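S.K.: Could you have a look at this structure, given as structure tokens, before my questions?
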Amino acid sequence: MNIVKRVLGVVWLLLAALSAYFCVMKFGLPKFSTGSQDDLVFGIIILCILTPLIVLGLAIFGVYALKGEYDDEK
């Protein structure tokens, strides 16, 4: 079971990288080019608030899983 947790740590790190890409390139930056004030506010919220929360949360969880913090102690 500990090996599965370590493998899932890699999965969480990959998800962090993918979510960073999608939050910035697909959801955040295209909102700045539309010219609408609503889209500008949404783009700022995505880039400055949601992206760091999502990416750091997934990355920290993945690093802890790789280090063995969630392993069963016998």
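Any read-out appearing in this document is the output of simple, stated calculations on the displayed coordinates, not a laboratory observation. All figures in this text were calculated on a predicted structure; none of them were measured in a lab. Cβ placement follows ideal geometry from the backbone for every residue including glycine, while neighbour counts extend to all protein chains displayed.
S.K.: What about TYR21, is it hydroxyl-bearing (Ser, Thr, Tyr) and in contact (Cβ under 8 Å) with a residue 24 or more places away in the chain?
M.R.: For TYR21, the condition - hydroxyl-bearing (Ser, Thr, Tyr) and in contact (Cβ under 8 Å) with a residue 24 or more places away in the chain - is not met.
S.K.: Shifting gears a bit: Counting only residues that are assigned to a helix (DSSP H, G or I) and among the aromatic types (Phe, Trp, Tyr), which one in region 35-72 is nearest to VAL11 (Cα to Cα)?
M.R.: PHE61
S.K.: Among the residues of region 31-74, which ones are surrounded by 13 or more Cβ atoms within 10 Å (Cβ to Cβ), over 30 Å from ASN2 (Cα atoms) and of a type outside the set (Phe, Trp, Tyr)?
M.R.: Of everything in region 31-74, those that are surrounded by 13 or more Cβ atoms within 10 Å (Cβ to Cβ), over 30 Å from ASN2 (Cα atoms) and of a type outside the set (Phe, Trp, Tyr) turn out to be LYS31, ASP39, LEU40, GLY43, ILE44, ILE45, ILE46, LEU47, LEU50.
S.K.: Could you run through region 2-25 and say how many residues are within 9 Å of the chain's Cα centre (by Cα) and surrounded by 15 or more Cβ atoms within 10 Å (Cβ to Cβ)?
M.R.: Total meeting the criteria: 7.
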